[in-house]
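See below for the structure under consideration.
The numbers here are math on the coordinates, done by the rules we state, and not lab data. Keep in mind it's a predicted model, so treat the numbers as computed, not measured. Heads up, the Cβs are rebuilt from the backbone with ideal geometry, glycines too, and the neighbour counts pull from every protein chain shown.
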Amino acid sequence: MIRAEGLVKNYGPLRAVDGISFSVQPGEVLGFLGPNGAGKTTTMRMLAGFVPASAGHAEICGFRIDTQPLEAKRRLGYLPEGAPAYGEMAPGEFLHFVGRIRGLGGSALGKRIDEVSARLQLGPVMKQPIETLSKGFRRRVGLAQTILHDPPVLILDEPTDGLDPNQKHEVRELINAMAAEKIIIISTHILEEVDAVCTRAIIIAGGRIVADETPEALIHRSRYHNAVSIRLAHSADLAAVTEDLQQLAGVDHTEVDAHEYSVTAFPKPGAALLTVISELAGARRWPIENLRLEAGRLDEVFRNVTTQDAA
Amino acid sequence: MEAIRIIAGRELRSYFATPLAYVFIVIFLAMMGVFTFYLGGFYERGQADLTPFFSFHPWLYLFLVPAIAMRLWAEERKSGSIELLMTLPVTMWEAVLGKFLAAWLFIAVALALTFPIWITVNYLGDPDNGVIVAAYLGSLLMAGGFLAIGACISAANRNQVVAFIVTVVICFLFMLAGFPLVLNFFSGWLPTAVLDAISGLSFLTHFNALSKGVLDIRDVLYFLLVIGAWLYANTIVLELRKAD
């Protein structure tokens, strides 16, 4: 288990992190979201024991990072922001070094390095100096280092930054595969990632937690949740369709996008619109190109919670 | 202990992975030769000892050791690998000692490569090899002192050039602490006891004793204490500033 208790970090007069508390259980993948400068990286550094907290404390598997740092760090795989490594070393040597520091050795370490490098597809670059590698490979070398000792806790600061879509997919698969038995915290500013891998999302703004929910619950906060969008062929009368929609009992209001030639109907609380609208559309023979039920928009929720609380 | 060995090993290999090690060794040996034969008048003196060789070590170390030390922590900071190192299960002392010992061992290797001069002097005459061994030991201890100062300064700076210059200045002051250049600054307003204490800190005084073959335990202890004190300061500086 990971526990953070009232973590605070001051940089001179600036309060970067302002009382963050949460705990994460095994099997949970926690996504850390927030605008740049919100305190994500500082919080993760305090959890990993790199930055001492100005107040509060953090615990990893029951060991406090400030008073029992070695015990805590043994149970942790940490990917710092930017995945730093020793540039003159080749990934093979680098992993060997980290493995030995972590108490692995001999054939067990060799076998583990083989497994991890196969997992992250480092095969072709195992003998090249890390500083000559592409950003994607460097990131994967960093990830390899975090999972080398098979730790119960992973803290990954932007694990997919700089990866191409295929590589992102691979890393997400990796995280999903490890999710069941580990505690994983990732920070990201890619919202789709939260949906793809996280079971829980914490949004930070101005050094405080402004939301702590499942990704579904976050999406449900969106005003688009359960709204119905219709895109019409240009032959249709957009104004007439909009008027018809507004007549429906469950519709609260509508929004028209003239450029897209589409209209979105927002439901009154608790109303379900999809069936009534599709029936109406059939009856009126609207030339519909696309009709869909909106799940909600995470970027809109993100903007809402981070801007109103920062102000 | 194991962690110190692993960190030192990694560090030492990284010296040889870049041109740094080779450039340093070549310059170190070339300068040694120039100083000993031209400035020291090794042949002209007609004496079978290595005094001209060792008497220039402090001056050579003054510039070459800070060049090794400046990258110790500044480089880790710049590349961000310090965050990796400090979140691995190692203590601050293990990290500081591992990096220091690697650099010290490297200087020891460079120093050991001056062995031809020792062979030469034995071939040409009949020197007191006990004195030479003591002088080598003194030279290595003094290099360790310079290195510990440099490691601490390197930990306080992200900029390697600044680390280099500050280290050279501090080493220079430590070296000449017993000489008028430094003492005149303090004399007149500090009591004699303090002046004696300051002059007792002089690298040169302690090194000169060792290089004459006087293997006084107090001189050895002095250098070990200097190293210990600066490395302790190094751990404190890192603890305070590692994430800045």
Selection of trypsin sites (Lys or Arg not before Pro), the stretch A:83-175, meeting DSSP coil and at most 13 other Cβ within 10 Å: A:127
Most mobile of A:30, A:298, A:109 in a GNM of chain A (Cα contacts under 10 Å): A:109
Rounded tilt (10° steps) of A:238-247 against the dominant C-alpha axis of chain A: 90
Gyration tensor (alpha-carbon) shape descriptor, the stretch B:2-240, a/c threshold 1.5: oblate
Average projected area [Cα convex hull, the stretch A:191-297], square nanometres: 8.3
Cα-based convex hull volume of chain A per residue, rounded to whole Å³: 168
Computed [θ] at 222 nm, helices only, for chain B once each DSSP H run of length n ≥ 4 contributes -39500 (n - 2.57): -25000 deg cm²/dmol
Selection from B:210, B:160, B:109, by position along the positive dipole direction of the stretch B:2-240 (Cβ): B:160
Exercise: per-residue mean of other protein chain Cβ atoms within 10 Å, B:72-80: 2
Choice from A:56, A:106, A:123 with maximal GNM fluctuation in chain A (Cα, 10 Å cutoff): A:106
Relative contact order [Cα under 8 Å, 6+ residues apart], the stretch B:137-229, whole percent: 38
Charge dipole of chain B about the Cα centre (unit charges at C-beta), most positive-ward option of B:175, B:147, B:84: B:84
Exposure rule at most 13 other beta-carbon atoms within 10 Å, DSSP loop GluC sites (Glu not before Pro): chain A longest free segment: A:1-180
Long-range tail of P(r) for the protein assembly as shown (Cα pairs > 32 Å, %): 59
Cα-based helix-to-principal-axis angle, B:92-112 vs chain B, degrees rounded to 10: 30
Among B:168, B:65, B:131, residue whose mean-square fluctuation peaks in a GNM of chain B (springs only between Cα atoms under 10 Å): B:131
Antiparallel %, DSSP beta bridges [both residues in the protein assembly as shown], to 5: 65
Global geometry of the stretch B:115-235, whether rounded, prolate or oblate, following the gyration tensor of its Cα atoms and the 1.5 cut on a/c: oblate
